[in-house]
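Read through the structure below, which is laid out as structure tokens, and then see the notes.
Only the coordinates and a few stated rules stand behind these numbers; no lab work does. Note that the coordinates shown come from a computational prediction; the quantities given were computed from them, not determined experimentally. Using ideal geometry, Cβ is built from the backbone for each residue, glycine included, and neighbour counts are taken over all protein chains shown.
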Amino acid sequence: MHWFPPTRTGDAEPAGRVLARCEGTDALAEPAAGVDEALDAVDALDRALVAGLLRPQPEQAADLTALAHAVAGSPLATRVAEAAEKAAAGSAGEDHYIALAAARGALLGAVHDALTGRLDEALGRTRCADTPAHPGPSQPVNVLAAARTWLCDLARSGWRGIDHDLVAGAAPIVSAMLPDPALRRPAALLDGFAAELAASCPGSGLDRIPVRRWGDLWARALLLTLPGAAEPAPSMPVTGRLLPLGVDLQEHATAVQAQVHAVFEPEDGGAPRLVRAGVAAPKPDTVVGAGVWQLLRPHMSLLAAAGEGHAMDLTDMPLTADGDLLWDDAHARTGAPADPLATARVALSTAGDRLTAPLDRHPASIAAPIFLEGYTVRRDEETVTFVLPAHSLPVDLDRMPVASPLTPEAVAASSACIGLLRWDAGTFSIQPLAVETTVRRKTVAVHAGAWAGGTTDKAGAKAEKAASDAVTVLRERAGRLLRK
């Protein structure tokens, strides 16, 4: 990917140098006030869900009380206190489980807000105002009610009590949701959650339970079944130039998603802002590595532009209030060549950051685009750390996609980096999207999304061919089944 710098952002100081010298970056290493206490209350509910709430024990009742105390000063206080009392007695109903999930979400949202406040201070970044919006269509309620019932049954059984019969109850619900585009979001979540649970059955035999993860999936899925929660985000049309910064590829056993982080420059000369555009697709087990790009590429021309090194010119592209482009190829055309590293050097320090939708306010959703240079690299056997004057940032190597020429070796040899600043397990880290490094005395850029539009790289081309063969076989088998 090679993009030229934007022309309407002025001679701004590079965000990497702002981050490197800003006194606020010391705050990234310090715990934010109240974060540990909020996470302790979340952990309390998660512990209660391990054994289930059908016949709760005294220690589970104490954990539920701790959750209620954590939100005692909020508008949720009365409902959560009642829900905790009913759950502790083993008589909780659907509304009570929803209240517990809402309390959990509110606590994680508060943690998210505290951490993003620290980031904004350290980066000198402002948040964009709400985008005027047009509401999306309403959704059917019957299938959402069925999903709530299944999730409440899960809470009663607990993770130790899951079995194949209980988990299989999600299959007809997911099948009913998938044909409706408005329900794809909760359907994909339920499908992936059920697949993880099925792979872990029976729960009574598990040596280790991913308590926080399953708590996250359960609570989020339950809240998304509420009327209006999963409706398409309201949006407004925007026109201007899109300058991609990098591609974040996310894989699950049953699905794959690519998110393109970019700077959007409005045609009317308004302030630039950070936006995202994403595409997702179901993924067969046999399609791995670079082959996953084949599943995504036909659905979004932006991937080809990002892989080949071009900006995009947008006309009336829908943009949600929380900074997501609802991508439609009919509203985009490939623009001039552009360099993401040049874009990052010039534009990141002045671009306003996106807001976060209420249900997405979770520490795991933090992904702030930043540009770093002038750092030194400290490498141990399996870790890489960027050492800045004010702060050291560990590099999250586990998030780097296999379907990419960006390797830990390239990151360790880099002198500049575009990345996503994330938070996990009490610390900030950086996920590289692109780095500038030296190969044979020549400065080159290596991008995580370099294969998004196709590749002539030997390893990438070999993986693409293997994936093509697998997809061809799957299509032939599907065709035979349909004919029968």
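Structure summary
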read-out	value
Longest exposed-site-free window of the chain, the sites being GluC sites (Glu not before Pro) in a DSSP loop that have at most 11 other C-beta atoms within 10 Å	1-380
Modelled FRET efficiency - R0 35 Å, Glu381 with Leu178, Cβ distances, 0.05 increments	0.20
Segment 360-447, relative contact order [Cα under 8 Å, separation at least 6], %	29 percent
Rounded Å value of the spacing that divides the Cα centres of segment 189-254 and segment 95-121	16 Å
Set of aspartates and glutamates near Lys442 by C-alpha distance (under 18 Å), chain-local residues within fewer than 8 positions excluded	Asp339, Glu373, Glu409
Local electrostatic count at Pro394 - Lys and Arg +1, Asp and Glu -1, tallied over other residues with Cβ under 12 Å	-1
